[in-house]
Amino acid sequence: MITAVVKTTTMRIGLNLQLEEEDIAILDKILQATGFESRTDYVTALLQTTIYGPSAVGQEIPADASTWIKEIREIAQTRDETRQAILDAYDAIAFPVIAMRGGKTALALLRGDIETTVLEKCGVLPAPEDLDFCMKIYQNIRRPKLLQHRTRELAETFRQAKNQGGRP
């Protein structure tokens, strides 16, 4: 039996960058949107793409050297637009159901309509986890309006029951 031992080492390289606070905030937003856990992960991916990308495998290098970065930014922008479209769909389609029966029920009943609306608006079909994530956000940012709507509806139901001689 022949055994091969492969030893790999990871070298840490320090980079000093000069960015404005505003630029760092934008960068961090893009990185979070595209799934990078840290700036280090992004810079590592950027360097690995440079090292092992098209030029390393004999492919033609894109005329625009920042193609990969542009794609990352487009993913972030698409994600932001998709999330806004989901929130808009919740307003237009699901608001009363969310107010009266909750977000999970609204998604169970209206998922197809919401997905269709987002697809028509953005050209992207939202992932189920995006719908769930956006529902949590929506219920927090719309909480006062959702509570007001629920209160109005329940008060009206109470008044109607009382006027009809029944118990509320």
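With charges set only on the Cβ (+1 for Lys and Arg, -1 for Asp and Glu), what does the dipole of region 89-148 come to about its Cα centre, in debye to the nearest 20? If you can, show how the numbers build up before the last one.
Numbers: 8 positive and 7 negative charges, 74 e Å.
Using only the charged Cβ atoms, the result is roughly 360 debye.
Look at the alpha carbon pairs under 8 Å that are at least 6 residues apart: their mean separation over the length of region 68-168 gives a relative contact order of 28 percent. Take the residue pairs LYS104/LYS162; LYS121/LYS145; LYS29/LYS70 and return only those whose Cα atoms are more than 22 Å apart. Beyond 22 Å between Cα atoms: LYS104/LYS162; LYS121/LYS145. Model label sites at LYS70 and LYS136, defined 7 Å from Cα along the beta-carbon direction, differ in position by 3.5 nm. Sequentially through region 90-99, phi angles give Karplus couplings (6.51, -1.76, 1.60; θ = phi - 60°) of 4, 4, 6, 10, 10, 3, x, 5, 4, 5 Hz, Gly and Pro residues having no value and appearing as x. In region 90-133, the alpha-carbon atoms span a convex hull of 64 Å³ per residue.
Once fully extended, how much extra length lies between THR151 and GLU21, figured as 0.36 nm per residue of separation less the alpha-carbon to alpha-carbon distance? Don't skip to the answer; put the middle values down first.
Details: separation 130, 0.36 × 130 = 46.80 nm, distance 4.40 nm.
Extra length from THR151 to GLU21 when fully extended: 42.4 nm.
Beta carbons within 10 angstrom, averaged per residue: use that to sort the peptides 109-117, 151-159, 15-23, 70-78, highest first. Please report the intermediate quantities before stating the final value.
Values: 109-117: 15.8, 151-159: 11.3, 15-23: 7.8, 70-78: 14.1.
So the order, starting with the most tightly packed, is 109-117, 70-78, 151-159, 15-23.
Sorted largest first by accessible area at a 1.4 angstrom probe radius, with every protein chain in place, the residues MET135, MET11 fall in the order MET11, MET135. Describe numerically, in nm with one decimal, the distance between label points set 7 Å from Cα along Cα→Cβ at GLU120 and at ALA92. Here the answer is 0.6 nm between the modelled labels. Note on GLU129/ARG101: beta-carbon distance plugged into 1/(1 + (r/R0)^6) with R0 of 25 Å gives a FRET efficiency of 0.70.
The values are calculated or read from the model by the stated rules, or taken from the named source; none is laboratory data. What you see is a predicted model; the values in this text were computed from it and never measured. Cβ sites come from the backbone with ideal geometry, for glycine too, and all protein chains shown count toward neighbours. Keep in mind that these areas ignore ligands, DNA and RNA; they rest on the heavy atoms of the full protein, side chains included. Shrake-Rupley method; radii C 1.70, N 1.55, O 1.52, S 1.80 Å.
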